[in-house]
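Below: one structure, written as structure tokens.
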Amino acid sequence: MSTITEYEEQAVLEEVIEQDLHDLIVYNDDINTFDHVIETLIKVCKHDSSQAEQCTLIIHYKGKCTVKMGTFIELKPMCQSICDAGIQAAVV
């Protein structure tokens, strides 16, 4: 007989999900300028200008780049902000 309640099980599950690391990936497109992507990464991901520029070059030449790693809960609002800026992004 289990002494763990359904509420406790849900809390443990949420804690495990929060601790799993995910990638915030930004994808290349033919619409956004380098400057727009760089400025967005600086604003949203708190990159310095050099890091944002390097990520933008990787996005351009490789088609995508992991711009941030973290928990799903940390990355989801960042992803939404990047998407709101008209840039394709996903948390995986």
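The values are calculated or read from the model by the stated rules, or taken from the named source; none is laboratory data. Here the structure is a predicted model, which means the values were calculated and not measured. Reconstructed Cβ throughout: ideal geometry from the backbone, glycine too, with neighbour counts over all protein chains shown.
Residues 33, 71, 40: which one is farther than 18 Å from residue 91 by Cβ and polar (S, T, N, Q)?
Being farther than 18 Å from residue 91 by Cβ and polar (S, T, N, Q) holds for just one of 33, 71, 40, which is 33.
When you scan the stretch 48-58, do you find a residue that is touching a helix residue (DSSP H, G or I) at 6+ places or on another chain (Cβ under 6 Å), hydrophobic (A, V, I, L, M, F, W, C), part of a helix (DSSP H, G or I) and within 16 Å of residue 31 (Cα to Cα), even just one?
Taking every residue of the stretch 48-58 in turn, none turns out to be touching a helix residue (DSSP H, G or I) at 6+ places or on another chain (Cβ under 6 Å), hydrophobic (A, V, I, L, M, F, W, C), part of a helix (DSSP H, G or I) and within 16 Å of residue 31 (Cα to Cα).
In the stretch 25-45, is there at least one residue being modelled with pLDDT under 95, assigned to a helix (DSSP H, G or I), touching a Ser or Thr at 6+ places or on another chain (Cβ under 9 Å) and surrounded by 11 or more Cβ atoms within 10 Å (Cβ to Cβ)?
Looking through the stretch 25-45, none of the residues is modelled with pLDDT under 95, assigned to a helix (DSSP H, G or I), touching a Ser or Thr at 6+ places or on another chain (Cβ under 9 Å) and surrounded by 11 or more Cβ atoms within 10 Å (Cβ to Cβ).
Kindly provide the set of residues from the stretch 59-92 that are closer than 10 Å to residue 27 by Cα and not in a strand (DSSP E or B), ordered by number.
Of everything in the stretch 59-92, those that are closer than 10 Å to residue 27 by Cα and not in a strand (DSSP E or B) turn out to be 59, 60, 62, 63, 87, 88.
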